[in-house]
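Working notes for the structure below.
The values are calculated or read from the model by the stated rules, or taken from the named source; none is laboratory data. Bear in mind that the values here come from a model prediction, so they are computed numbers and not experimental data. Neighbour counts run over all protein chains shown; Cβ positions are idealised from the backbone, glycine included. Surface areas here come from the heavy atoms of the whole protein model, side chains and all, with no ligands, DNA or RNA. Shrake-Rupley method; radii C 1.70, N 1.55, O 1.52, S 1.80 Å.
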Amino acid sequence: MKQWWKEATVYEIYVRSFKDSTGDGLGDIGGIISKLGYLKKLGVDVIWLTPIYESPEADNGYDISNYLRISPKFGTMKMFDRLLKETHKRGMRLIMDGVFNHTSDEHSWFLESKKSRTNKYRDYYFWRNGQKDREPNNWVSFFGGSVWEYDKDTRQYYLHIFSKKQPDLNWDNKAVREEIYAIMKWWLDKGIDGFRFDVINFISKTRSLRDANPSRGKKYADGSKYYKNGPNINKYLKEMNMRVLSKYDIMTVGETAANIEDINATRLYVDSRRHELNMVFHENNEIHSDKKTAEIATLLDKRHDKFKWTLPNLKRTITAWQEGLGDYCWDTAYLGNHDYPRIVSRFGDDKKYRTESAKMLATLIFTLRGTPFIYQGDEIGMTNGDFKSINDYVDIGAINMYNEYLSRHKNGRAYALKILRKISRDNARTPMQWDDSRNAGFSKRKPWIKVNSNYRTVNVEAALKDKNSIFYYYKKLIEIRKGSNTMMYGKYRQVLDKHPDIFAYTRSLGSEKILVLLNFKGKATKFKQHRDVLLNGAELIIGNYPESENKYELRPYEAAVYVICSRHS
Ligand code: GLC
């Protein structure tokens, strides 16, 4: 069924790095308002804001201490109201990050909960007795170490899947769910257009919270099978939908750390007949592995090299999701966000073929079946940060991982930095590059995180002046997708499955068929004529090179999208 949120293009704003309007080195609401015209020009329909609520910022705002207040660092509620109005005035919509798996340890519920074992809020979180000389179980936290933190005063431990400043909320407690629904309603009544739900498939934990299988030589182990897609998850999502979401015309997208083995569970979240969520972010195996590497600190012992992505794997995974979700389910199409390195540095070539490969990757995002998500800066081909020392890093995940590694490998500094440069989340969190002036036009003062030194050439101002820029290519893709039901709703089928360097697939609807050809190699690459890939009479609708004589050879990082069979022919 057609839906506005299926047709929309979403743009993720990592607020602290987007645009600073007050001169304190941190992006803010005023900065976003000043750039709405830019987003409109690009063709964006929906803006997703990373958390701007009151927060001690242990995890850049994903640790909320008050859900109903705007952090003074980002502005005021009045400014937020203005942002919402200005966004709507331009025909765009705005969704917020809903971080409801955990709160900050400075949230009033947690401060109460800590006071005594009998406090009314005790059961809002998971408090447990330790085992003899150790934590209640052996699960590893996403940012390293145990998921349990001991509280001396009440002599119990509390659960935190992320940092110890992010205690997990107990969704099995009805009072917790009621509080959360009230918060959601409050924002939706204000007029926001939906939520991106942070790690939503972690909210239901198994009752026993038992030990996970230990991995050799490690004190802590991955316990996700006891909290990922847990026993009551669908019940809670359904309840949330019935009580809140269904009452509004909104977009909902859940973040799930789901890999392809979780496809059955994922289907349940997004099957439109079940009324849970519109769509979710799942991981494409490769991406997932990197994230795991980054967050579970598998930097350890040079294992990182095992997690390199390969095209055959990426093809297999994307295809499994595209084909496996089925007609009643809707998907997201994205390659990166604030938790991954930059897409052009990861899947493309951020040097010689930066422009070509950035456009090729954009072509992938916009021609899959699913709502496309752009992460800020990808539309101008921003690359991984060029951090030199550990002092350049800010992310709690990166710093914990570095320290943990050095505690075991005294001489490991250079290696740890090398890996961080590749996989750290800070890579994609550097300030947006607006122009070639000081601090890339992001701020008048020293930014909270180092600006990438390539800002003199890679910036918005330069992109807007060049009609062949990555920016205009994104703009064109957005327009083309919007005008094509086949691109939005057509069936996906992979072709040239075995080709090691080319990712190719068709999208078909009625008698129209579109063929997408993507060369992931920095060299000219041939493919054979095939009944699915007949290019005689094919019409090129978009590509990152001028149309070629030899259609059966793709140039380095070439992307070409053809209509190969049209209703009108
Ligand atoms: C999500 C966010 C990430 C954050 C984590 C904990 O994965 O995208 O940035 O660290 O949840 O809230």
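Quick look at the numbers
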read-out: Calculated FRET value between ILE263 and GLU549, using beta carbons and R₀ = 51 Å, to 0.05; value: 0.75
read-out: In sequence order, calculated HN-Hα J values of region 401-410 (Karplus, 6.51, -1.76, 1.60; Hz; x Gly/Pro); value: 5, 4, 5, 5, 5, 5, 5, 9, 10, 4
read-out: Contour minus Cα-Cα distance for GLN3 and LYS528 (0.36 nm per residue); value: 185.2 nm
read-out: List ARG207, ARG267, ordered by accessible area with a 1.4 Å probe, largest first; value: ARG207, ARG267
read-out: Nearest-ten-degree value, helix 354-367 long axis tilted from longest Cα axis of the chain; value: 80 degrees
read-out: Fraction of accessible area attributable to carbon and sulfur, the chain (%, probe 1.4 Å); value: 49 percent
read-out: Gyration tensor over alpha-carbon atoms, the chain, equivalent ellipsoid semi-axes in Å; value: 38, 26, 26
read-out: Tensor-based shape of region 311-469 (alpha-carbon gyration tensor, a/c under 1.5 rounded, otherwise prolate or oblate); value: oblate
read-out: Dipole in debye (nearest 20) - the chain, about Cα centre, beta carbon charges: Lys, Arg +1; Asp, Glu -1; value: 540 debye
read-out: Column: log10 I(q)/I(0), Debye, Cα scatterers of region 490-568, q = 0.13, 0.15 Å⁻¹; value: -0.35, -0.46
read-out: Packing-based order for 543-550, 390-397, using average beta carbon neighbours within 10 Å, highest first; value: 390-397, 543-550
read-out: Peptides 495-507, 83-95, 370-382 ordered by average Cβ neighbours within 10 Å, highest first; value: 370-382, 495-507, 83-95
read-out: Antiparallel bridges, percent of DSSP beta bridges restricted to the chain (to nearest 5); value: 60 percent
read-out: Between region 175-196 and region 210-231, the Cα center-to-center distance that results, in Å; value: 32 Å
read-out: Subset of LYS351/LYS450; LYS446/LYS467; LYS521/LYS551; LYS422/LYS465; LYS444/LYS467; LYS2/LYS513 violating a 23 Å alpha-carbon distance limit; value: LYS446/LYS467; LYS422/LYS465; LYS444/LYS467
read-out: Förster radius 30 Å - calculated FRET efficiency between TYR248 and LYS482, Cβ distance, rounded to 0.05; value: 0.80
read-out: Whichever lysines have a C-alpha closer than 30 Å to that of LYS120, once near sequence neighbours (fewer than 8 apart) are set aside; value: LYS132, LYS152, LYS164, LYS165, LYS174, LYS185, LYS190, LYS205, LYS225, LYS228, LYS235, LYS238
